[in-house]
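Contents: one structure, followed by commentary.
The values are calculated or read from the model by the stated rules, or taken from the named source; none is laboratory data. Since we're looking at a predicted model, the values are computed, not measured. Ideal geometry is used to build each Cβ from the backbone, glycine not excepted, and the neighbour counts take in all protein chains shown. Ligands, DNA and RNA are excluded from the accessible area calculation, which covers all protein heavy atoms including side chains. Shrake-Rupley method; radii C 1.70, N 1.55, O 1.52, S 1.80 Å.
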Amino acid sequence: MPTSPVRSPADGPDEEPPRVRRGKAVPVQQRPSLPSVSRKSFLRGMAAVGAAPLLPVATAEAAPSTRPDFPLVRGGTAVDVFVDAADDSAVIRAAGDLQADVERVGGVRPRLLHSVPERAALLVLVGTIGASPVIDRLVRRGRLDVSRVEGRWEASVTQVVDRPLPGVDRALVIAGSDRRGTVYGVYDTSERIGVSPWYWWADVPVVRRDTVTVPAGPLKRLEPAVRYRGIFINDEQNLTTWSHRTQEPDKNIGPRTYERVFELLLRLKANYLWPAMHPYSDFFNKHRENPELAERYGIVIGSSHPEAMLRNGVHEWQPWAEEHRNPDGTLPLYDYTVNPAVISDYWRARCAA
């Protein structure tokens, strides 16, 4: 069973998914030579195996409204973004992405606040139900309708609320049922102002505007029909070559690359990754920063067919076997039917790390 380094109380007891079998990859018809590897050529490889058209499975329901749109940038000024410092790290990080996205569109970067200002005409409130006192207060007072969101898996509501707090005249509230629900709500707002999930990997241009607004009507992202949704990195040779040459010269797919992959997954409303596993790639747990990064982003890391318990037999078994030789000095076989105790220890050490 694949394990996840990213459990949280908000995700509930079912955070660890069942084993998911990887489908057979369809080869790229004409693979570019290694020196020409780029982000776009990697995406063509992803498209060939059916990963690129990954679409949100949750239905976002937008209600029409006659109220004026909510301005995020107007007259050269950006509206501040509040997120409680006690909220999940994935939510706080995504709020930082909203800062950057508003600046990409409007040319002005909003402030990211961890305390509510005493006076604000406009404010963006980001938070998770049960983890943000500000959001919970709005729910208790009936100011925020979470009837189809609260207690659900990765659901969210985005709604404009008048006079939500003392001293705040109007707020755009982004509230999630759990940490990824809140993150998806944040990225829904980014898409509504014109930032594509593919702004970095596929260089999708962002149209600049002096005034940046979002509709005032509530937007509800309902619980997804498929609980775990993600990709398997299939064209590892191209990605490894590109990553080593452009991102991390001392690694073959490391945290600088994975943080870009994680962000793309979340912007596409996915949550699951089968990481690279071939000999020319660094196995995921080789670099401690990788699982720590998955925790920070809220991504579930799983295992494909040869990586039981997040181990990678291609990379890791040989050094382990050298350190755990049989009493006669011979190397143990990587065969559970022959060496169940040794291999169980091998798996157990990874799960406990």
Inset, instruction - Might you let me know whether the range 64-86 holds any residue that is more than 20 Å from the chain's Cα centre (by Cα), part of a loop (DSSP other than H, G, I, E, B) and among the aliphatic types (A, V, I, L, M)? - result: yes
Legend entry - Listing of helices (runs of 4 or more DSSP H) fully contained in the range 253-341 that carry 2 or more residues being among the charged types (D, E, K, R) and over 20 Å from ALA90 (Cα atoms): 313-323
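Just for the range 307-353: of the residues that are of a type in the set (S, T, N, Q) and without any contact (Cβ under 8 Å) to a residue 24 or more places away in the chain, which one is surrounded by the most Cβ atoms within 10 Å (Cβ to Cβ)?
Within the range 307-353, the match that is surrounded by the most Cβ atoms within 10 Å (Cβ to Cβ) is ASN339.
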Legend entry - Residues located in the range 208-223, provided they are aliphatic (A, V, I, L, M) and assigned to a strand (DSSP E or B): VAL212, VAL214, LEU219
Legend entry - Count of residues meeting criterion [more than 15 Å from PHE70 (Cβ to Cβ) and of a type outside the set (A, V, I, L, M, F, W, C)] in the range 165-190: 11
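Search the range 119-140 for residues being of a type in the set (D, E, K, R) and either modelled with pLDDT under 95 or not in a loop (DSSP other than H, G, I, E, B) (or both), and hand back the single one that is surrounded by the fewest Cβ atoms within 10 Å (Cβ to Cβ).
Going through the range 119-140, the residues of a type in the set (D, E, K, R) turn out to be 119, 136-137, 140.
Remaining after also requiring either modelled with pLDDT under 95 or not in a loop (DSSP other than H, G, I, E, B) (or both): 136-137, 140.
Working: ASP136: 18, ARG137: 13, ARG140: 9.
Per the stated criteria, the residue is ARG140.
Answer yes or no: is there a residue in the range 205-221 that is within 23 Å of SER89 (Cβ to Cβ), open to solvent by less than 60 Å² (accessible area, probe 1.4 Å) and in contact (Cβ under 8 Å) with a residue 60 or more places away in the chain.
To start, the set of residues in the range 205-221 that are within 23 Å of SER89 (Cβ to Cβ) comprises 221.
Subset that is open to solvent by less than 60 Å² (accessible area, probe 1.4 Å): 221.
In the following step, the residues that additionally are in contact (Cβ under 8 Å) with a residue 60 or more places away in the chain were identified as 221.
Scanning the range 205-221 turns up at least one residue that is within 23 Å of SER89 (Cβ to Cβ), open to solvent by less than 60 Å² (accessible area, probe 1.4 Å) and in contact (Cβ under 8 Å) with a residue 60 or more places away in the chain.
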Inset, instruction - Looking only at the range 276-287, decide whether some residue is on the phi > 0 side of the Ramachandran plot and either open to solvent by 20 Å² or more (accessible area, probe 1.4 Å) or out of contact with any helix residue (DSSP H, G or I) (no Cβ under 6 Å at 6 or more places or on another chain) (or both). - result: no
Inset, instruction - Take VAL195 and decide whether it is touching a residue at least 24 places away in the same chain (Cβ under 8 Å), buried (at least 22 other Cβ atoms within 10 Å of the Cβ) and in a loop (DSSP other than H, G, I, E, B). - result: yes
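Return yes or no: is SER147 buried (at least 18 other Cβ atoms within 10 Å of the Cβ) and out of contact with any His (no Cβ under 7 Å at 6 or more places or on another chain)?
Values: buried (at least 18 other Cβ atoms within 10 Å of the Cβ): no; out of contact with any His (no Cβ under 7 Å at 6 or more places or on another chain): yes.
No.
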Legend entry - Matching residues, the range 224-241, being out of contact with any Ser or Thr (no Cβ under 8 Å at 6 or more places or on another chain), within 13 Å of LEU273 (Cα to Cα) and outside any loop (DSSP other than H, G, I, E, B): GLY230, ILE231
